[in-house]
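Trainee: Mind having a look at this structure? Questions to follow.
Here, each number is a calculation from the coordinates, and none is a lab measurement. Please read all numbers here as calculations on a predicted model, not as lab measurements. Here the Cβ positions follow ideal geometry from the backbone for every residue, glycine too, while neighbour counts run over all protein chains shown.
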Amino acid sequence: MSRVFLIAIAALALVLALAVWRPWSGRDAGEVVVYTSVDDVFARPIAEAFQKETGVAVRLVPDTEEAKSTGLLNRLIAEKNRPQADVFWSGDPVRAEILKKQGVATPYKSPQADGLPAAFSDPQGYWTGFSARARVLIYNKDRVAAGDAPRSVMDLVNPRFQGRACLANPLFGTTSMHAAALFAVLGEEGAKRFFNEFLANGGQLASSNGDVRRLVAEGRCAIGVTDTDDANVALMEGKPIEIVYPDADGMGTLVIPNAAVLIAGGPNPENGERFIDYLLRPATEEALATSAAAQFPLRAGVAVPEEMITLDQMRPMEVDYTALAGRLEELNRGFLKDFADRAR
Amino acid sequence: MNADAPPIRSLQSGPVSPLVLEAPGAWRGLVIAGIFLLAITPALPLLAEALTSSGQAVMSGVFAAAVQGGLVIGVLAASVALVLGVPTGVALTLYDFPGRRALMVVLALPLLLPPFLIALGWSMLAGGGLDGPAGPIVVFASWILPLVAFATYAGGAGLSATAVEAARLAGGERGAIVLTARHAFVPAMAAAGLGAALSIADPGPGQVFRVQTAASEILASFAALGDFGLAARQSVTVAAIILAAAGPLAFLVAPRIAEALMARETRRVRRARMRGPRAAAGAAAAVMIMAALLTPMIGLVSPLAYSLVEGGDLRWLSRAFSELLRTGGDTLVYAAGAGFIAVLLGFALAVAVGRDAGRRRFAIAACLFLLCLPPALAALGMIQLATAAPAWADPVLRSRFALCLTLGLRLFPVAALFGLRAQATSSPSWTHAAAVHGVPLALFLKRVTAPHLAPAAAAAFLLAGLLAIADIGTALLLHPPGAASFPLAIFTVMANAPEAFVAALALVYVAIAAMLLFALWRLVGWKRA
């Protein structure tokens, strides 16, 4: 008994010593702490490539768009007065804009940002947009004939898809940004009518964009709206879906650029800037385009896979990304919360 | 007392007599208050904000309906788990059948998995068949079932061999089963209540099956509205409602959580090897465990199976092992650290509570209250504390230890229930005998109390450790950069990773955890099980 007891005590002492030992060292010239809301499978290869090329170790803290946690955004805001992160690599510009408004971000205009369209970045340099996803329609080929394929987001409320359309909860992730964009483009009344008709048409509310992909791939929904990376993963898995870039002859497709944010007062600001420079390079845009993330470059002239739809081949929805963040906060507390409640 | 324990030496009277463990004293109240204060400390910043801020009303119609939905799901899931778990636990206690030990390892598997992962498994298998309240009820029932079965098993193991033999003689197998079930029913109910409380704080399955629950409403307040004050007020409201609902349970459980064993009879129950009952018990337990627990696993890993069958593609398994190598060490540290802190506090609470039924009622009610608070409340509070603290406090507040501490403080009520039961099964005559012989308190604690509590402490350590690594929300918010846990890694890749990769991760995780459990079990010794 006493020997087992001693072994147990020694093991626990080791565990506590390991627990107190910090695996990163704060202000250290040799590392950078990156928080990211981009999915780990897509962000980690880029971080590892940066580490290999520069010798600067990357401590990556990934998040997920699945709405099952309070998320990294809250962590960044809570850590504002003494941040641990140097960079926030956001999967969308709205959360980057929220950090700017909360005083968590600091301006940084990277020399590598040349060639990136100004419309997808903060004019004051608090965040810089690069490689993007798009909000696309997907439909199940077994449940929708090619001639009946949806062409517009408005088809979600079309009677021919009654009870067969789905949308992720608009309180979370990129769907929330899409909802705010629809309010900006369609106007207050038009957007409310769209969401109300979605419910009246028997639309289903999914828990996330990944859930939308699954519901459509399994045929439980005929059509849905999701992000290009979700849709691409389903295609790579051989699911019977087809992707449509919606509203090519109308309001356009919502483009969701990544956003690189330098954190104010981060422990390794120089390495943070180096990491942002690395993210904004044409080579990183190319890497993200050829990965499973299938993110199209914002720059012209970056090599992409043949089948990829690029920015100049689509009609991007014209929205002011900086304005969307403020609109979203207001909508989340009002109409969208009410919509989500009614949808259950 | 254990027959092979070393004899207690007769020594000169020490400064403190073991009788303090039986006598009333102000120290008990101080220790109890100190432990609960420590446990609530990380959540205090947000609770203070909740009490001082004026904002949106908490009890809107939607939130009231969500609370009601969450309560109904929690109670029904706990009831189903109770109905299935008690017979499973009784079968494991009374009968020795082939594969019994392996089944007990399998039984622990759902506790390793975050409930949302179990929900995904069920959802993949059932399609839309479980949408609505049925889905979360099935998920939480299969998650609570092991808690109930193990509590029944532990409760049944506390019976004396003579009592079981007498029941068998008087009433046959039925008599033994009824006696064991009755004896273990109160701990089983406590376990079911514990599971219900934990399920009410978990938003995952409700979201997967599109059901609005109190936890999902609180999550929306945190994550979508960014209104921490509202989220904290909602959390306190839910905890208070559950406390009111669980009050009768605490009242019932407290005095009966354990009856002190008589010092004259501590011989353990021998498991029966009679062919008929043993075969029936084995088959029933196996069917129960396989159907309720392995079904979601089949749903989860089926994409990997398809991938292997179609192309013999092993790359997903290889990547899953790489992920395990990256995160395995930290995962073990989190599990062990949280388990250790939970056991330390839980058993200290149990010793301080002693045999007083009033203190026990208070302790159980307070434990249930703490368990009902959403984990994010303490995690965000801990971030705020760490941010406000000077840099020299980082080794405690911004390290792996901070995550261990927060998880340990959240889960110490689980260990406390084990401790309360184990402590109550000690005989007061041991203390009196030691005092008569002048044994000092330190020696008594070392030679009598610690060995007596050790098996329960080991079980509590394991359970708290398992629950700790399944707590994704706290890990996401508090893990130091570059030190993610394996379940967190699964969580962060599952949204966009290929299904076969997620399946490979889940399979590797469960397989490794099962092997570790098995190895640990062997180390501790099968006889104790």
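Trainee: Post the alpha-carbon centroid distance, segment B:423-494 to segment B:111-160, in whole angstrom.
Mentor: Segment B:423-494 and segment B:111-160 have Cα centres separated by 23 Å.
Trainee: Report the rotationally averaged projected area of chain A based on its alpha-carbon convex hull, in square nanometres.
Mentor: 20.8 nm²
Trainee: Would you mind giving the mean number of other chain beta-carbons within 10 Å of the Cβ of each residue in B:497-504, as a whole number?
Mentor: 3
Trainee: On a C-alpha basis, how far is the centre of segment A:278-318 from the centre of segment A:214-256 in Å? Whole number, if you could?
Mentor: Comparing the Cα centres of segment A:278-318 and segment A:214-256, I get a distance of 18 Å.
Trainee: Same structure again: Just the number, please: Stokes-Einstein D of segment B:301-429 in µm²/s, Kirkwood Rh from C-alpha pairs, 4 °C, 1.567 mPa s.
Mentor: 73 µm²/s
Trainee: Give the residue list of chymotrypsin sites (Phe, Trp or Tyr not before Pro) in segment B:400-439 that are DSSP loop and have at most 16 other beta-carbon atoms within 10 angstrom.
Mentor: none
Trainee: Continuing with the same structure: Explain nothing, just the number: relative contact order of segment A:250-308, from Cα pairs under 8 Å at least 6 residues apart, as a whole percent. Before the final figure, lay out each step's value.
Mentor: Working: 36 pairs, mean separation 13.0, N = 59.
Relative contact order comes out at 22 percent.
Trainee: Sticking with this one: Take the alpha-carbon positions of segment B:18-528, form their convex hull, and give its projected area averaged over all directions (one quarter of the hull surface) in nm².
Mentor: The directionally averaged projection comes out at 25.2 nm².
Trainee: Could you give the alpha-carbon Rg of segment B:57-172 over 2.2 N^0.38 Å, rounded to two decimals?
Mentor: 1.36
Trainee: Right, something else. Have a look at B:LEU477, B:ALA286, B:SER307 and report the one farthest towards the positive end of the charge dipole of the protein assembly as shown, computed about the Cα centre with Cβ charges (Lys/Arg +1, Asp/Glu -1).
Mentor: B:ALA286
Trainee: For the protein assembly as shown: lysine pairs with Cα atoms under 28 Å, gap of 8 or more or different chains, count?
Mentor: 19
Trainee: Please compute the average number of Cβ atoms from other chains found within 10 Å of each residue's Cβ in peptide B:216-229.
Mentor: Across B:216-229, the average partner-chain Cβ count within 10 Å equals 6.
Trainee: Viscosity 0.890 mPa s, temperature 25 °C: give me the Stokes-Einstein translational D for segment A:224-329 in µm²/s, with Rh taken as the Kirkwood radius over C-alpha pairs.
Mentor: Taking Rh from Cα pairs, D becomes 153 µm²/s.
Trainee: I've got another one for you. Considering the Cα trace of segment B:406-520, what is its radius of gyration and what is Dmax, both in angstroms?
Mentor: Rg and Dmax of segment B:406-520, Cα atoms, are 20.4, 68 Å.
Trainee: With charges set only on the Cβ (+1 for Lys and Arg, -1 for Asp and Glu), what does the dipole of segment B:18-528 come to about its Cα centre, in debye to the nearest 20?
Mentor: The dipole of segment B:18-528 has a size of about 1920 debye.
Trainee: Return the average number of partner chain Cβ atoms within 10 angstrom of each residue Cβ along peptide B:478-485.
Mentor: 6
Trainee: Averaged across orientations, what area in nm² does the convex hull of the alpha carbons in the protein assembly as shown project?
Mentor: One quarter of the hull surface, i.e. the mean projection, equals 36.6 nm².
Trainee: Once the other residues with Cβ under 11 Å from the Cβ of A:SER110 are scored (Lys, Arg +1; Asp, Glu -1), what is the net sum?
Mentor: Around A:SER110, the surrounding residues sum to 0.
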